[in-house]
Amino acid sequence: MKHFNFEKSFLYSILETSLENGGDYAELFFEDTKTNSISYLDSKVDNMNLGIMYGVGLRLIHNMKTIYLYSNDTSNDNLIKLAKNASKLISGSKHLPKMFTEGNNENKHELHIPPFDVLFDDKIDVLQFLNEKARNVSPNIKQFVGRYMEKERNILVCASNGIFEEDTQTYIRLISHSVASNSTTTQSGSRSKGALDGYQLIKDLNLEEMAVESAESALMMLDAQYPKSGVYPVVIENGFGGVIFHEACGHALEATSVADNASVFCGKKGEKIANEAVTAFDDGTIQNAWGSYNIDDEGNKAQKTILIENGILKSYLVDELGSMKMGESITGSARRENYQYAPTSRMRNTFIGKGKSSFEDLISGIEYGLYAKKMGGGSVDPATTDYNFSVAEGYLIENGKITKLVRGATLIDKGCDTLMKIEGVSDNLELAEGICGSVSGSVPTTIGQPAIRVSSLTVGGR
């Protein structure tokens, strides 16, 4: 896994220089990343990008404040310059870094078929195939957009707490997006799959099913009606349905907000914040999962964190700075988009665990409600957990049965209130991939849940 060839003794001296005027923590983060993306539009390759991201970030923490400098010049002279510039910004007693411990990072995510070894023509063929199969579903499929992405990210982290770790993280993702139109409306449908893995993901996918599902999802929404507005029970499907937990609750459990008293969950560890049916995890160790890794961007090993257990708040997601502020243990959750960002606590693979109910149990007994089969986008205020999410594909529930297809529904509530109103959790856990943005940039994250029943939500419609 060794990729960088810096002398440890020299890197130690850079940290030593950074701390010569004081400071509680110093860190060097080196990155060498290559990316490739292909976009397919109007039955042809629309865009192709090959990129390299190379550089170093130097972070200094002093009295709970962060100084962060970065550069794409990793020469010895420039590293010395960065360290001296950072140290000039603080005043205090010299702090000696700990000697580096021997890195023992073990790769727990086997790479199957390195994607950069696969011919470009083969990747384009995949997008062409998706395009053909989606358009063949109906003449009402007016547009198809396909996207293929691969990334190999090599990082080295060394810090004044003695950490010296390297890791290679390879990501791959494929998106199938279909647009359907008739004389009155236009609707879209998407399917995607991603992994911390190589081209084997593409080989294992049922590409025809992926294309057809995205097309059929768009087509069925053309004739859907609007639900009535009101407050009533909602059953939210598994997989991407977990976006509500991720956005409205997950962010509020990150030290990024908790450590600065900007979360409704501040000081509530050990208290009941959800219905006892809810147990939730943030797990960076799931084999080859999109949000997994061997080490985080501070060099700490990935781990599985129980956030909520039977409704009780058990843990926050904590990085180095959050640990200093909160006095909580680090959870291996520090992440950043690239070396140009200082890391902060972020979600990895975040999901509500399996429950004891069947999907049928969730639907039965509801006289009038909404079944949110596929969630769309939305917005949330992390400080209050107020959210507003669209439902990409929904159905009415009438007298305990799923009936009419509906579109244009929105779900409105507070995340902290929704947690308490989850009265049923099924056993059909599924995960889905996405990209999460925050103060340290955009990173791959997995969301998920089994299907859940919420006793009441405000549903916007017509």
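Here, each number is a calculation from the coordinates, and none is a lab measurement. Remember, predicted model here, so these are calculated numbers, not experimental data. Virtual Cβ from ideal backbone geometry, glycine too; neighbours counted across all protein chains shown.
Using a cut-off of under 17 Å, list every residue of the range 354-379 whose amide N is near the label point 7 Å from the Cα of S456 along the Cα-to-beta-carbon line. Under cut-off, by backbone N: 366-370. When the trypsin sites (Lys or Arg not before Pro) in the range 1-83 are filtered for DSSP coil states and for at most 11 other beta-carbon atoms within 10 Å of their beta-carbon, the remaining sites are K2. Principal axis extents of the Cα atoms in the range 230-460, from largest to smallest and rounded to whole angstrom, are 53, 31, 29. A simple spin-label model places pseudo-atoms 7 Å from Cα toward Cβ; at K268 and N399 they are separated by 3.9 nm.
Label zone (T66, point 7 Å along Cα-to-C-beta; backbone nitrogen cut-off 15 Å) within the range 302-335: 317-326, 331-335. By the count of other C-beta atoms within 10 Å, a proxy for reagent exposure, M99, M347 are ordered fewest to most as M99, M347.
Each Cα pair under 8 Å and six or more residues apart adds its separation to the average, and for the chain the resulting relative contact order is 16 percent. In this label model, D427 and K44 are separated by 5.3 nm, measuring between points 7 Å along each Cα→Cβ vector.
Between M420 and T185, what FRET efficiency follows from the Cβ-Cβ distance if R0 is 41 Å, with the result rounded to 0.05?
Given R0 = 41 Å and the Cβ-Cβ separation, E is 0.65.
Each helix, a run of at least 4 DSSP H residues, gives -39500 (n - 2.57); summed and divided by the residues of the chain, these come to -5000 deg cm²/dmol at 222 nm. Full extension of the chain between L89 and Y54 gives 10.1 nm of extra length, using 0.36 nm per residue less the Cα-Cα distance. Approximating the spin labels as points 7 Å out from Cα along Cα→Cβ, the D117-to-I80 distance works out to 4.1 nm.
So if I place +1 on the C-beta of Lys and Arg and -1 on the C-beta of Asp and Glu, and nothing else carries charge, what would the dipole magnitude of the range 230-460 be about its Cα centre? I want it in debye, nearest 20.
Numbers: 21 positive and 29 negative charges, 36 e Å.
Computed charge dipole of the range 230-460: roughly 180 debye.
The angle between the Cα long axis of helix 207-220 and the main principal axis of the chain comes to about 60°, on a 0 to 90 degree scale.
For a protection proxy built on the mean count of beta-carbon atoms within 10 angstrom, sort 190-200, 372-382, 292-302, 88-98 highest first, please. All intermediate terms of the calculation are to be shown ahead of the outcome.
Details: 190-200: 20.7, 372-382: 18.9, 292-302: 23.6, 88-98: 13.5.
Result, highest mean Cβ count within 10 Å first: 292-302, 190-200, 372-382, 88-98.
Summing charges over all other residues whose Cβ lies under 14 Å from the Cβ of I175, with Lys and Arg as +1 and Asp and Glu as -1, gives +1. Using only Cα atoms, tell me the angle between helix 8-18 and the longest principal axis of the chain; keep it within 0 to 90° and round to the nearest 10. Taking Cα atoms only, the helix is inclined about 90 degrees. With axes computed from alpha carbons, what is the tilt in degrees of helix 76-87 against the longest principal axis of the chain, rounded to the nearest 10 within 0 to 90? Once rounded, the angle reads 80 degrees.
Rg/Rh, computed from the Cα trace of the chain with Rh as the Kirkwood radius, has the value 1.01.
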